[in-house]
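Peer 1: Before we start, here is the structure in question, set down as structure tokens.
Nothing in this text is a laboratory measurement; each read-out follows from the coordinates by a stated rule. Since the model is a prediction, treat every value here as computed from it, not as a measurement. As a convention, Cβ positions derive from the backbone with ideal geometry for all residues, glycine included, and neighbour counts pool all protein chains shown.
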Amino acid sequence: MNSTPLDLAAAFTERFGTEPDGLWSAPGRVNVIGEHTDYNDGFVLPFALKHSTTVAAAVRPDRIVRVASTFAPDEAPVTVDLDTLEEGGIEGWAAYPLGVLWAMEQSGYRCPGMDLLVDSSVPVGAGLSSSAALECSVAVAANDLSQAGISRRELAVIGQLAENRMVGAPTGIMDQSASLLGEVGHAVFLDCRSGDSRLVPLDLEGAGLELMVIDTRVSHAHSTGGYAARRRSCELGAELMGVPALRDLSVPDLAEAAGVLDEETFRRVRHIVTENARVEDAVKVLTSTGPADLGPLLVASHASMRDDFEISCAELDAAVEASLEAGALGARMTGGGFGGAAIALARVDDVPAIRSAVESAFAAAGFRAPVIFSVLPGAGAARIA
Ligand code: ADP
Ligand code: MG
């Protein structure tokens with residue numbers, strides 16, 4: 001639940017007995033297009049959400065950090081000494097915020113001790129990166145409170161380091177980049193090789209559109225193994241094609257790849273190569289005719305993930321098919337696959353019909369009811385009080 005800034009400041013005082021020095025907020029993200037391209041040095045196009053995580057923080061005179069969450073109101077704050085904090089040394093949710101402070105110090109910045117209370121409106125585990133929202137809210141707070149002057153781009157790397165090394169999740173740089181670099185009415189085009197990014201106009205409201213998120217609430221058991229297997233296929237494909245990463249292949253190279261690779265590896269490679277092209281095409285569409293024309297790219301992206309990369313599942317396919325049948329301009333699964341969420345781009349007037357079509361399709365198939373809501377491109381991380 002998201003409290004208002006005033007509530008969170010009051011809750012902080014109740015928890016820690018002092019007033020916070022300030023409040024910092026960082027959004028979750030949704031990826032419009034560019035799936036599994038990040039670890040292939042490719043392109044992604046996420047946007048920052050209006051859903052965000054807020055942290056109230058106050059500097060302490062020592063090196064102690066205490067962190068609490070409104071998600072665990074009855075838990076005592078997790079308390080650590082920054083001088084004894086070690087890689088992988090924190091279990092559970094506190095590994096995200098404490099990992100950020102650890103990663104800042106690993107990167108050569110000194111953090112003061114501090115008290116932190118976090119609160120969030122980002123749905124957890126729905127593929128909207130509540131984890132990056134949490135990391136980035138703490139990162140901007142710690143950056144301000146320590147007066148370290150760290151750039152947004154480096155803060156994203158610090159968030160990723162926290163997630164990779166303190167939490168132990170092998171994630172890329174997309175989520176933190178979107179959370180830190182996003183702006184209202186824009187998506188973030190990110191080159192995962194160079195780390196360069198560019199804002200791309202995405203005025204959904206102005207175009208009379210909504211981006212619906214359909215959270216299937218399923219997480220299939222083979223998702224971790226499936227992710228690792230896809231990464232291996234991509235590495236193998238790049239090696240056999242003699243390139244550093246699949247990013248270095250383009251669509252015309254696929255003819256040669258078909259002769260070199262086994263049938264399955266070829267299809268994995270074709271997904272990455274065509275997906276990178278679709279991200280670039282999406283940027284062209286957004287900077288020329290606008291978001292209403294993204295539909296065919298979303299549909300092609302889904303087909304590629306379903307047939308070539310084989311990371312969709314019955315629930316995601318049902319969400320996409322029902323959305324399209326009910327008038328969505330485009331739809332695709334988003335995130336790592338094997339469950340999680342789909343997105344559907346729709347005219348505002350068509351949203352209720354699409355929602356009920358998806359709900360009926362899920363009920364008819366005997367699936368658990370999905371959670372459906374709309375998202376808009378919001379601002380990147382910032383101090384809010
Ligand atoms: P996603 O990032 O897709 O939402 P993850 O599994 O990567 O899912 O991250 C979710 C985890 O992040 C939660 O299980 C929890 O440990 C942590 N988390 C996110 N937001 C909060 C919060 N407001 N308070 C405490 N923990 C949080
Ligand atoms: Mg996450």
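Peer 1: As a footprinting exposure proxy, order K50, K284 by other Cβ within 10 Å, with the fewest listed first. Provide the component values of the computation, followed by the final result.
Peer 2: Values: K50 15, K284 12.
In order of increasing Cβ crowding within 10 Å: K284, K50.
Peer 1: Compute, for the range 123-181, the length of the dipole vector about the Cα centre, with Cβ point charges of +1 (Lys, Arg) and -1 (Asp, Glu) only. Units Debye, rounded to 20. All intermediate terms of the calculation are to be shown ahead of the outcome.
Peer 2: Values: 3 positive and 5 negative charges, 15 e Å.
The calculation lands at about 80 debye.
Peer 1: Something else: Considering only the other residues whose Cβ falls under 10 Å of the Cβ of A238, what net charge follows from Lys and Arg at +1 and Asp and Glu at -1?
Peer 2: Summing Lys and Arg as +1 and Asp and Glu as -1 gives -3.
Peer 1: Another question, then. How long is the gain from I64 to D203 if the chain were fully straight, where each residue apart is worth 0.36 nm and the alpha carbon distance is subtracted? Mind dumping the intermediate values first?
Peer 2: Details: separation 139, 0.36 × 139 = 50.04 nm, distance 4.36 nm.
Between I64 and D203, full extension yields 45.7 nm more.
Peer 1: For the range 128-188 and the range 27-50, what is the centre-to-centre distance using only Cα atoms, to the nearest Å?
Peer 2: One Cα centre to the other: 14 Å.
Peer 1: Still on this structure, I have one more. Starting from the coordinates of the alpha-carbon atoms of the range 193-240, obtain the Kirkwood hydrodynamic radius over all distinct pairs and give the value in Å to one decimal. Please report the intermediate quantities before stating the final value.
Peer 2: On the way: mean 1/r = 0.0655 Å⁻¹.
Hydrodynamic radius (Kirkwood, Cα pairs) of the range 193-240 is 15.3 Å.
Peer 1: Oh, and also: Which of A94, P112, V80 sits farthest toward the positive end of the charge dipole of the range 78-121, with +1 on the Cβ of Lys and Arg and -1 on the Cβ of Asp and Glu?
Peer 2: Result: P112, furthest along the dipole toward the positive end.
Peer 1: Still on this structure: From the phi of every residue in the range 124-129, what ³J(HN,Hα) in whole Hz does the Karplus formula 6.51 cos²θ - 1.76 cosθ + 1.60 yield, where θ is phi - 60° and glycine or proline is x?
Peer 2: Using θ = phi - 60°, the values come out as 7, x, 9, x, 9, 6 Hz.
Peer 1: Which length gain, in nm to one decimal place, applies between L240 and E91 when the Cα-Cα distance is subtracted from 0.36 nm times their residue separation? Walk me through the intermediate numbers first.
Peer 2: Details: separation 149, 0.36 × 149 = 53.64 nm, distance 3.93 nm.
Extra length available between L240 and E91 comes to 49.7 nm.
Peer 1: In percent, how large is the relative contact order of the chain, given Cα pairs closer than 8 Å and 6 or more residues apart?
Peer 2: On the way: 836 pairs, mean separation 89.0, N = 385.
RCO, the chain: 23 percent.
Peer 1: Can you work out ³J(HN,Hα) from phi for every residue in the range 162-178, in order, using Karplus 6.51 cos²θ - 1.76 cosθ + 1.60 and θ = phi - 60°, giving whole Hz and x for Gly and Pro?
Peer 2: With coefficients 6.51, -1.76 and 1.60, one gets 4, 6, 5, 9, 8, 7, x, 9, x, 9, x, 9, 4, 5, 5, 4, 5 Hz.
Peer 1: I would also like to ask the following. Under 5 Å between amide H atoms, partner at least 5 residues away or on a different chain: which partners does S69 have, H built in plane at 1.01 Å?
Peer 2: Residues meeting the criterion, in which the H sits 1.01 Å from N, are V118.
Peer 1: Can you compute 3J(HN,Hα) from phi for each residue in the range 355-368, using the Karplus curve 6.51 cos²θ - 1.76 cosθ + 1.60 with θ = phi - 60°, rounded to whole Hz and x for Gly and Pro?
Peer 2: Listing the rounded values in order: 4, 6, 5, 5, 4, 5, 4, 5, 5, 5, 7, x, 7, 4 Hz.
Peer 1: Ok, one more. Taking GluC sites (Glu not before Pro) as exposed when DSSP calls them loop (any state but H, G, I, E, B) and at most 10 other Cβ atoms lie within 10 Å, what is the longest stretch of the chain free of them, the sites themselves excluded?
Peer 2: Working: sites that count: E86, E91.
Value returned for the longest uninterrupted segment is 92-385.
Peer 1: Let me spell out the model: positive unit charges on the Cβ of Lys and Arg, negative unit charges on the Cβ of Asp and Glu, origin at the Cα centre of the chain. What dipole size does that give, in debye rounded to 20? Walk me through the numbers before you get to the answer.
Peer 2: Working: 28 positive and 52 negative charges, 49 e Å.
Value, rounded to 20: 240 debye.
Peer 1: Rounded to the nearest 0.05, what FRET efficiency do E280 and E325 give with R0 = 30 Å and r taken as the Cβ-Cβ distance? Could you check?
Peer 2: Values: r = 29 Å, r/R0 = 0.96.
The pair E280/E325 has a calculated efficiency of 0.55.
Peer 1: Could you compute how fast the chain diffuses translationally, taking Rh as the Kirkwood radius over C-alpha pairs and applying Stokes-Einstein at 10 °C with viscosity 1.306 mPa s? Give it in µm² per second. Walk me through the intermediate numbers first.
Peer 2: On the way: Rh = 21.4 Å.
Answer from the Stokes-Einstein relation: 74 µm²/s.
Peer 1: Report the full-extension gain for the segment D196 to D7: residue separation times 0.36 nm, less the Cα-Cα distance, to one decimal in nm.
Peer 2: Details: separation 189, 0.36 × 189 = 68.04 nm, distance 3.73 nm.
Result for the pair: 64.3 nm of gain on full extension.
Peer 1: Given H placed 1.01 Å from N in the peptide plane, which residues other than close sequence neighbours of R217 have an amide H under 5 Å from its amide H?
Peer 2: Close amide H contacts, sequence-distant or interchain: G340, V371.
Peer 1: Can you give me the pair-distance distribution of the range 153-249, C-alpha pairs, 5 Å bins, whole percents?
Peer 2: For the range 153-249, the pair-distance distribution reads 2, 10, 13, 15, 19, 20, 14, 6, 2, 0.
Peer 1: Just to be sure I understand the curve: with the Debye formula and one point per C-alpha of the range 1-87, what is log10 I(q)/I(0) at q = 0.25 Å⁻¹?
Peer 2: Each listed q corresponds, in turn, to -1.22.
Peer 1: Given the DSSP H assignment, sum -39500 (n - 2.57) over each helix run of at least 4 residues in the chain and divide by its residue total; what's the result at 222 nm in deg cm²/dmol, nearest 500? Numbers along the way, then the final one.
Peer 2: On the way: 11 runs with 145 residues, N = 385.
Taken over the chain, the calculation gives -12000 deg cm²/dmol.
Peer 1: Quick query: amide H of K50 versus all other amide H atoms, modeled in the peptide plane; which residues come in under 5 Å with a sequence gap of 5 or more or a different chain?
Peer 2: For K50, the qualifying residues are L376, G378.
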